[in-house]
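S.K.: Just dropping this structure here.
Since every read-out is calculated from the coordinates, none of them should be taken as a lab result. Computed from a predicted structure; not experimentally measured. Neighbour counts are summed over all protein chains in view; Cβ atoms, including those assigned to glycine, are modelled from backbone coordinates with ideal geometry.
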2 protein chains.
Amino acid sequence: MNYSAWFAAQDDPNERYPLTEVVYYSKSGGLLEVQHNMDALRQRSAAEWKQLFEGRWMRTSWPYGSGVWGKKEWVCPEIEDKNIVSMFEGGSNLFWADRLGQEIGVDDLWIKMCGNSHTGSFKDLGMTVLVSVVKQMISDGKPIRAVACASTGDTSAALAAYGAAAGIPTIVFLPKGKVSIAQLVQPVAHGALVLALDTDFDGCMRVVRDVTSHPDSGIYLANSLNSLRVEGQKTVGIEIVQQFDWDVPDWIIIPGGNLGNTFALGKGMQMMYDLGMINRLPRIVCAQAERANPLYRAYCNNWNYEPIAAQSTAASAIQIGDPVSIRRAISTLTHFNGVVEQASEQELADAAARADRTGAYACPHTGVALAALIKLVKRGEIKKSDRVVVISTAHGLKFSRFKVDYHEGALAGVQSNFANPPIELPADVDAVRRVIAERMG
Amino acid sequence: MNYSAWFAAQDDPNERYPLTEVVYYSKSGGLLEVQHNMDALRQRSAAEWKQLFEGRWMRTSWPYGSGVWGKKEWVCPEIEDKNIVSMFEGGSNLFWADRLGQEIGVDDLWIKMCGNSHTGSFKDLGMTVLVSVVKQMISDGKPIRAVACASTGDTSAALAAYGAAAGIPTIVFLPKGKVSIAQLVQPVAHGALVLALDTDFDGCMRVVRDVTSHPDSGIYLANSLNSLRVEGQKTVGIEIVQQFDWDVPDWIIIPGGNLGNTFALGKGMQMMYDLGMINRLPRIVCAQAERANPLYRAYCNNWNYEPIAAQSTAASAIQIGDPVSIRRAISTLTHFNGVVEQASEQELADAAARADRTGAYACPHTGVALAALIKLVKRGEIKKSDRVVVISTAHGLKFSRFKVDYHEGALAGVQSNFANPPIELPADVDAVRRVIAERMG
């Protein structure tokens, strides 16, 4: 029995397509999901899988040194190794947040630094899969000219970087005048065709769907409808367990916007459970910004979901009012005895600042997750002795403006409780000694 | 025989100090260097060292998963594991720059992405050693209150982050008004005491030396005079060889400013050679910005060195006219059959842009190294079949302004030959299709 995977319609598992087919929706218009031949995977015992994954971990044998491709059979088994476009994804530091944990009352706190990566965000985990499948399609003779997405952030950066490495043209659509060139500099630098349209973000989505909808267009759609990315993103949970020598943490906290990653986290953990690699599941916390909290509202209302209009938040990547993966995420959270928590702008900014002071370097989304943690600890839901992992989704270096504004006291509507501005002094040794004595005691 | 290391005076190897002593200069005022008990290290065979290093590589057993501490016996053998302050340094992607190599005529080109790290630069490799030694000193009862440096960039970021993680106070000195808060946001966020002095950079250096000079000050000096950092930085070359399954590349190209890292690269390679791990040495190229090129001038003048006044360059971290490690670097380069090359602002900016278009994300210093490579290939010194590694010293995310300016055609004195600005369009599918057809053919 061979390892294999395919797209299946959510509403009809018998409606199947190869992963290398250009198809985005099921016949009924629903999402497609990647399914694996679990019987084939069960031919190897849990111990054998662990041994295989350990043996490949961060090694030089192509492409298995990548944290994603080291688990190739679980991710995308049928792709040829020569078509894999990899930049050594995963294997990021599981940072022991000892000092922060002590401050907030958790003895065993860890931050998974997914932003410590080629493009600075955890989107690399999924994009390596999508771009590799595209390369396989091109190698198979499919007439693909380019890969496109509508995105203002991490997705476009990752798509453009992987496309550039592979020599596959990429196209990024975004609303004109609404995105600064600083936000766009990664796709611009990576040579994407960056199209600034005279419309809003939804208008961009409409245009990109129109442009890619015709099978003859030769332009493949890479946005979050595309379930290939979930297969890479799901390795984050597997990797966390591996980094604890196959021990399952009590809690995993992940920021949520479009919610594909909450689903992906659960999918990876469930696969480990189904294949006997772990014998219990962690509880999952999805953390949302208060200003973009449709899932939190549903959670508080017996999972009755209604889309909202998201308001502006510093956690820009999760500023989404009507998440694509809402149904899948609710299903994941109910299965994982999950919790949804929210964070105000004040809470997320202060939480990020506290993490930075103790050695992490948190993006605003990580701030949302940390703020949720602090609330759950305060009300006793997360216990002092629990092992907790917070997933940090991007490198703080991507959010210099946010940090500068915080420490200058210029973040709108936020009081900078942990600001640490520079102190100006004459170039005088005594003056310097005085300030040091005041500060250091 | 125990593994051990100590500070030795350059001019008198019998003048020795423990690594945990607060000492910066030899009696004659020269630099101190870390020496290892090589006889002790020779007790293990080359094959045994390789096996040990492989077995630890990126694993979970503290602190050996770090690329630096996985080689602890070679770096800082006598420190206690509980005092090591590590954020999983090293193990960064050795990026196969296949497309860039094809463009410029090298078949086997690799970029070592050292900026893919906790603080976004290769300074993490050295700072983990320095801060760990400080933690050991404090644990030994030494009255250290803080660690200080004068730096406007990567060094202060790394010092502040490692200090924050360890709970050791840090102090950063910088010239008031000459550094933007964006450049400073890492030490500010990590809670360093940031002192902006009313003087220039040399003035800051004088103050920091004065403040730290008295043994009772309790403030340890972390700048590039301190040779502890070299012990961590030297692992970069060892790691490159390990990532090639212990094969030595023909060339390693490194950008050079203060030149401690050129020396460190050579030190690590020589140690491998002396312990029989490799049987030949790579050639080393030190790449300088034309506007800060004292080493290049010396190279062109039979190694007769004279300090210069460095001019402003986009490669700000190597904008140094009188390098601290000039003598050690010249000695390294002569020993490694080295070459020094320089890059103009135009050359470094275009080289970085070409790397970005092909999947890397180069900082200006990496641009200098790539520009040097292009020149050496053009004049036939580096051959098409040579295996070449370029050391990328920082993540491109630290240099968004440089990249934005380049693609907007706003980089002073530079023609943006590879600019890729966004294209503005109406939200019209036909207009979009037209532009795509023009660009993609």
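S.K.: May I ask for the Rg/Rh ratio of chain B, computed from Cα atoms with Rh as the Kirkwood radius, given to two decimals?
M.R.: 0.98
S.K.: OK, next. Find every distance from the label point of A:GLY409 to the corresponding label point in the other copies (7 Å from Cα along Cα→Cβ) and write them in nm, one decimal, shortest first.
M.R.: Taking the point 7 Å beyond Cα along Cα→Cβ, the inter-copy spacings are 4.2 nm.
S.K.: A further question follows. Grab the DSSP H runs of chain B that are 4 residues or longer, score each as -39,500 (n - 2.57), total them, divide by all residues and round the 222 nm result to the nearest 500 deg cm²/dmol.
M.R.: Rounded to the nearest 500, the figure is -11500 deg cm²/dmol.
S.K.: Any idea what the relative contact order of the stretch A:213-297 is, in percent, if you count C-alpha pairs under 8 Å spaced at least 6 apart?
M.R.: 32 percent
S.K.: About the Cα centre, and with charges only on the beta carbon of Lys, Arg (+1) and Asp, Glu (-1), how big is the dipole of the protein assembly as shown? Nearest 20 debye, please.
M.R.: 300 debye
S.K.: Among B:LYS50/B:LYS403; A:LYS82/B:LYS383; A:LYS234/B:LYS398; A:LYS178/B:LYS375; A:LYS123/B:LYS50, which pairs are too far apart, with a Cα-Cα distance over 31 Å? Spell out each step's value before the answer.
M.R.: Values: B:LYS50/B:LYS403 40 Å; A:LYS82/B:LYS383 26 Å; A:LYS234/B:LYS398 28 Å; A:LYS178/B:LYS375 41 Å; A:LYS123/B:LYS50 34 Å.
Beyond 31 Å: B:LYS50/B:LYS403; A:LYS178/B:LYS375; A:LYS123/B:LYS50.
S.K.: Given an 8 Å cut-off on Cα distances and at least 6 residues of separation, report the relative contact order of the stretch B:175-238 as a percent.
M.R.: Numbers: 26 pairs, mean separation 16.8, N = 64.
Relative contact order comes out at 26 percent.
S.K.: Right, something else. Most fluctuating residue of A:GLY266, A:GLY177, A:GLY359 in a GNM of chain A with Cα springs under 10 Å: which is it?
M.R.: A:GLY177
S.K.: Across the residues of B:196-203, average count of Cβ atoms on other protein chains within 10 Å?
M.R.: On the way: counts 5, 8, 6, 4, 1, 0, 0, 1.
Mean shielding by partner chains, rounded to a whole number: 3.
S.K.: Continuing with the same structure: Mind putting a number on the dipole of chain A about its Cα centre? Charges go on the C-beta only, +1 for Lys and Arg and -1 for Asp and Glu, and I need it in Debye to the nearest 20.
M.R.: The calculated dipole for chain A is roughly 160 debye.
S.K.: Specify whether the C-alpha gyration tensor of the stretch A:241-391 places it in the rounded, prolate or oblate class, a ≥ b ≥ c being the square roots of the eigenvalues: rounded for a/c under 1.5, otherwise prolate if a/b is larger than b/c and oblate if not.
M.R.: Taking the square roots of the gyration eigenvalues as a ≥ b ≥ c, the stretch A:241-391 is oblate.
S.K.: Right, next: Put the label 7 Å from Cα along Cα→Cβ for A:ASP140; what are its distances to the other copies, in nanometres, shortest first?
M.R.: Here A:ASP140 shows inter-copy label distances of 6.3 nm.
S.K.: I'd like the Karplus ³J(HN,Hα) series for the stretch B:278-286: coefficients 6.51, -1.76, 1.60, θ = phi - 60°, whole numbers in Hz, and an x wherever there's a Gly or Pro.
M.R.: Rounded to whole hertz, the list is 9, 10, 8, 10, x, 8, 10, 10, 9.
S.K.: Something else about it: Let me spell out the model: positive unit charges on the Cβ of Lys and Arg, negative unit charges on the Cβ of Asp and Glu, origin at the Cα centre of the stretch B:47-117. What dipole size does that give, in debye rounded to 20?
M.R.: Once rounded to the nearest 20, the dipole reads 200 debye.
S.K.: Can I ask one more? Kirkwood Rh, Cα Rg: Rg to Rh for the stretch A:162-221?
M.R.: Values: Rg = 12.1 Å, Rh = 12.3 Å.
For the stretch A:162-221, the value is 0.98.
S.K.: Still on this structure, please answer the following. Dividing the convex hull volume of the alpha carbon atoms of the protein assembly as shown by its residue count, what do you get in Å³ per residue? Write out the running numbers ahead of the final one.
M.R.: Numbers: hull volume 141.3 nm³, N = 882.
In the protein assembly as shown, the Cα convex hull volume per residue is 160 Å³.
S.K.: For A:HIS407, A:HIS365, B:HIS190, A:HIS335, what's the fewest-to-most ordering of other Cβ within 10 Å of each Cβ?
M.R.: Ascending number of Cβ neighbours within 10 Å: A:HIS335, A:HIS407, B:HIS190, A:HIS365.
S.K.: If the label for A:TYR17 sits 7 angstrom from Cα along the Cα-to-Cβ line, what are its distances to the same label in every other copy, in nm to one decimal, shortest first?
M.R.: Values, ascending and in nm: 6.9.
S.K.: Right, something else. Looking at the square roots a ≥ b ≥ c of the eigenvalues of the Cα gyration tensor of the stretch B:29-73, which shape do they give, rounded for a/c under 1.5, prolate if a/b is larger than b/c, or oblate?
M.R.: Numbers: a/c = 3.66, a/b = 1.46, b/c = 2.50.
Judged from the Cα gyration tensor, the stretch B:29-73 comes out oblate (a/c at least 1.5, b/c at or above a/b).
S.K.: For chain B, with a Gaussian network of springs between Cα atoms less than 10 Å apart, report the residue from B:GLN270, B:GLN102, B:GLN288 with the top mean-square fluctuation.
M.R.: Among B:GLN270, B:GLN102, B:GLN288, the largest mean-square fluctuation in the Gaussian network model of chain B belongs to B:GLN102.
S.K.: Using C-alpha positions alone, give me the convex hull volume of the stretch A:309-441 per residue in cubic angstrom.
M.R.: Once divided by residue count, the hull of the stretch A:309-441 is 150 Å³.
S.K.: Pairs of Cα atoms under 8 Å, at least six residues apart: use those to get the relative contact order of the stretch A:343-441, whole percent.
M.R.: Here the relative contact order equals 27 percent.
S.K.: May I ask for the net charge around A:ASP350, where only other residues with Cβ less than 14 Å from the Cβ of A:ASP350 are counted and Lys, Arg are +1 while Asp, Glu are -1? Can you show the working numbers first?
M.R.: Working: positive: A:ARG354, A:ARG357, A:LYS375, A:LYS378, A:LYS403; negative: A:GLU103, A:GLU290, A:GLU345, A:GLU347, A:ASP356, A:ASP405.
Taking every other residue near A:ASP350 into account, the sum is -1.
S.K.: Taking amide hydrogens as modeled 1.01 Å from N in the peptide plane, which residues meet the under 5 Å criterion relative to A:ALA148, leaving out close sequence neighbours?
M.R.: Close amide H contacts, sequence-distant or interchain: A:ILE171, A:TYR220, A:LEU221, A:ALA222.
S.K.: Among B:PHE95, A:PHE263, A:PHE336, which comes first, then next, by fewest other beta-carbon atoms within 10 Å?
M.R.: Ranking B:PHE95, A:PHE263, A:PHE336 by Cβ neighbours within 10 Å, fewest first, gives A:PHE336, B:PHE95, A:PHE263.
S.K.: Which whole number of Å³ per residue matches the convex hull of the alpha-carbon atoms in the stretch B:42-96?
M.R.: On the way: hull volume 5.4 nm³, N = 55.
So the per-residue Cα hull volume is 98 Å³.
S.K.: For the stretch A:333-410, divide the Cα radius of gyration by the Kirkwood radius and give the resulting Rg/Rh value with two decimals.
M.R.: 1.00
S.K.: Give me the net charge of A:SER213's neighbourhood, meaning all other residues with Cβ under 13 Å from the Cβ of A:SER213; Lys, Arg count +1, Asp, Glu -1.
M.R.: So the environment of A:SER213 carries a net charge of +1.
S.K.: With everything on Cα atoms, drop me the angle between helix B:345-357 and the longest principal axis of chain B, reported from 0 to 90° to the nearest 10.
M.R.: Around 80 degrees separate the two axes.
S.K.: Give, as a single signed number, the net charge of other residues whose beta carbon lies under 15 Å from the beta carbon of A:ALA161, with Lys and Arg counted +1 and Asp and Glu -1.
M.R.: For residues surrounding A:ALA161, the net value is +3.
S.K.: For the stretch A:184-285, state the average projected area of the convex hull of the C-alpha atoms over all orientations, rounded to one decimal in nm².
M.R.: 9.1 nm²
S.K.: Using every alpha carbon pair in the stretch A:52-167, what percent of pairs falls into each 5 Å bin from 0 up to the bin containing the largest distance?
M.R.: Spelled out per bin, shortest first, that is 2, 12, 18, 19, 17, 12, 9, 5, 3, 2, 1, 0.
S.K.: Sort the stretch A:303-359 into rounded, prolate or oblate with this rule: let a ≥ b ≥ c be the square roots of the eigenvalues of the Cα gyration tensor; rounded if a/c is under 1.5, and if a/c is not under 1.5, prolate when a/b is larger than b/c, oblate otherwise.
M.R.: oblate
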